[in-house]
Amino acid sequence: MSITCLAQTAVLNEVKKTVYAELGQLISCIGNLQTLWWLICTIFTVAVFFALIVMFRKNVNEISRSQLEEFSRARKYIPELYVELNRNMEYLRYFTHRNSWRKRVIREYNNMFSNTIGKQVKKAIKNPALSKRLPYTARYDKVMEAIKMRRDVLEEALKSSEENMKKYGEEYFFLRGSIYHTPEKLKLLYEQCEVANAKTMVVVGSAGNGKTNLLCKTVETIIANKEPCLFINARSIKQDCYDYVTGQLLPDCLKAYSALYLHLLSFLLGMKRKTFYIIIDAINENDSEQFGQSIGVFTDKLAKYKNVKVLYACRSEYFQVRYRKFFDCTINKPYIFHLEQVEYSDRAKETLLKLYRRHFNVSGPISPDAVSRMMHSLFLMRLFFEVNQNRTSQNLELRDAEIYKAYFDSVATRAAPFDFRGTVERISGLMISQKRYDGIDVLDLNLSTSDLNSFKDALDDNLIISENIHIGKGIAETSFEYVYFVFDELRDFCLARYVLVSSLKDGDDTYSKYFEFAGDLYNNHLSPIEGILKYGYYYFKTNNRTNLCKKILATYSDFDPNDVNPDHWMNTRQRVFHDFGIALIFQDSQNILEFEKDYIELQIIKEPKLYWEVFWYLLRNEYASVNPALELAVTLLVNVPYETTERIVAEFFGDRYDRYRYLRAEKRRRIEVLCDWVGEIESRRGVLSRSIKQIFVILAALEPMEPEINRYEKYVLSEDVVAPIRSGSSEELKAAINELEEKQLLMNKNNKWKDTFVFAGIGDLG
């Protein structure tokens, strides 16, 4: 029995051993399978990574092309109208093509003192910084160091001190004259190096000055150079900035490996000497707190990758108030590039206008005043040509009322079924009732969430802005959403329209609401008053309410825009007419009515120098072949009393002795400028208008000793020139013209006899 039990036990043990062995093999097999599965997954992930890297440039550039197309459809970017008119694009080239532009910087640095004068400067100063040459392979930090050293040396030499005068002796003033502008040139080179060396750059500029166009052109150039570029409209980012960007690059399942992906990408781009550019336009249009807080972290994260660069664009006022603080907190500070204010040459203006005319099929002359105003805002220029598309006219004026009305009509159509017009009217009404013309709380509009979103979507052109304003800090911090007009002119248009429509709805034929509102603004020196008067006057004139136009002129003729807005650029640089009433009249210059002429004459009698403001305005029109031209200037000069005419002419020639009295030899006299203008007109047309001839006849009659106008005195003998002047002028002016006529007849007679004697061989009588 025991033997049997032992045998059974032995068999059982063998069975156990076999089972355990089989289980061990099974477990080992499962482990091998797990290892194999992990290996397969790893290989697959790596393969996907490399596939994404291989397809990377194509994918991101496709996203960028879609964004470009979106901007083109919205007419925010019209490639055919892009013109490079200043140095803004050049700075972006340094940022995007740092290596190819480095040689240019080094070349300029090396050649700075290579000419004869430069050699003399080096000999006089005897500092190795002036003779040092950089190899074309020098890194940007070494280049910047050399530039700074050279600039320091030159600035020290430029100091006005007894030590320098003793040191350089007779060569001191030669040196100052030779190197006076060189430190500025070096400063510019240094800035260009900073831009090229920057990992991140923020383009800052005012509304309507071409930031989006600049970025779009940059994106097109990067893509054309076969480099990867991700172009994003900041409004599209509804989450953390880093998460959004990596979401454009990787599928959700691989987002956890974004850092590894970017490291691999940067490494491979470096091998190919390429750079990945992330360009985010209009960060000011994204007012979410999450986006604002994340943008600094995003900047620092991307700065770690050698071959990745980030470019932002932001409106000036938003950058200072909201976004600068986020960038100031970054470890890797971005380069802040403030766009230059657009100042165009005459040639650039002609090029730009030609492109816009062709694209929008606009023909006919455009008034110089309209051109001047458009050149300060590319956005205003675009609106002007959109309103006048396919239009032929003898004289195109920039009428703000028409342009803004057309703009609102287009936005309202785009925003339908949302009541955009009604919302803007509500904003205007709240501004008036609250007397807050800088903006209102969006909660006061009582819009539903859906309507509020529709309203924001309609504000593509950035003429009306919704922004979150933060007040206080810490536990006391609060915020509210603020709605305001970007352009004061647009705000004033909306306010004027609101009060005028309100009067119409109430059946108020005297427009008492309008005049009460204008009076309140005027008495309290509030900024909308200029626009309210301007648009009101235009409305009344358009609707043949001349009595109300006269009321505005009589009540507000002494209004000075500087009283309410002294810093406005229109007041400081571009104001054509210092008399506000005359400025109101000439906003519709094609249709100057008799009562308006009477007003102008009255103001000129009070202040004769106002005549020349009108004259130069009309002369520019004469040059551009638009009306009203100089015919009106002749009428004014003839119709005013003779004493006023004398004072007008005396004012014009009052600069005769300025250059001698005040040593202003560089300043040209007004008569010289006038003769140049007239010479240009004559060369373009081959003939002078009767009005120009009449002006010169009057000037010559009252200033017979002025040599600059001798060549124009002959027109006094033309009956068609003189007859209209004689018919309406004073007896004193007629007498002066008769005297000039007699002088010319006598001169012609003497010249006739002189020619006779010369012909007879007697000789020139001198």
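Since every read-out is calculated from the coordinates, none of them should be taken as a lab result. Just so we're clear, the structure is a prediction, and the values are computed from it rather than from any experiment. As a convention, Cβ positions derive from the backbone with ideal geometry for all residues, glycine included, and neighbour counts pool all protein chains shown.
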Residue-span extension gain [Asn332 to Lys272] - 0.36 nm each, minus C-alpha spacing: 19.1 nm
For a test of the definition: using alpha carbon positions, the gyration tensor, and the 1.5 limit on a/c, classify region 606-717 as rounded, prolate or oblate. rounded
Does region 95-194 classify as rounded, prolate or oblate by the C-alpha gyration tensor (a ≥ b ≥ c root eigenvalues; a/c under 1.5 gives rounded; else a/b over b/c gives prolate, otherwise oblate)? prolate
The simple spin-label model distance between Glu516 and Asp560, using points 7 Å out along Cα→Cβ, in nm, is 3.1 nm
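Beta carbons within 10 angstrom, averaged per residue: use that to sort the peptides 209-216, 56-63, highest first.
Working: 209-216: 22.1, 56-63: 15.8.
Ranked by mean Cβ neighbours within 10 Å, highest first: 209-216, 56-63.
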Starting from the 7 Å offset along Cα-to-Cβ, what nm value, one decimal, do you get for the label separation of Glu646 and Glu70? 7.2 nm
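How long is the gain from Asn543 to Ala723 if the chain were fully straight, where each residue apart is worth 0.36 nm and the alpha carbon distance is subtracted? Could you put the intermediate results ahead of the total?
Working: separation 180, 0.36 × 180 = 64.80 nm, distance 3.70 nm.
Net length gain for the segment: 61.1 nm.
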Where a label projected 7 Å from the Cα of His97 along Cα→Cβ would reach, residues of region 273-300 with amide N under 15 Å: 274-275
In nm, to one decimal, how far is the Tyr657 label point from the Ser161 one, both placed 7 Å along Cα→Cβ? 4.6 nm
Any idea how far the Cα center of region 494-534 sits from the one of region 155-234, in Å? 48 Å
Stretched fully, the stretch from Lys132 through Val83 gains (0.36 nm per residue minus C-alpha distance, one decimal, in nm) 13.8 nm
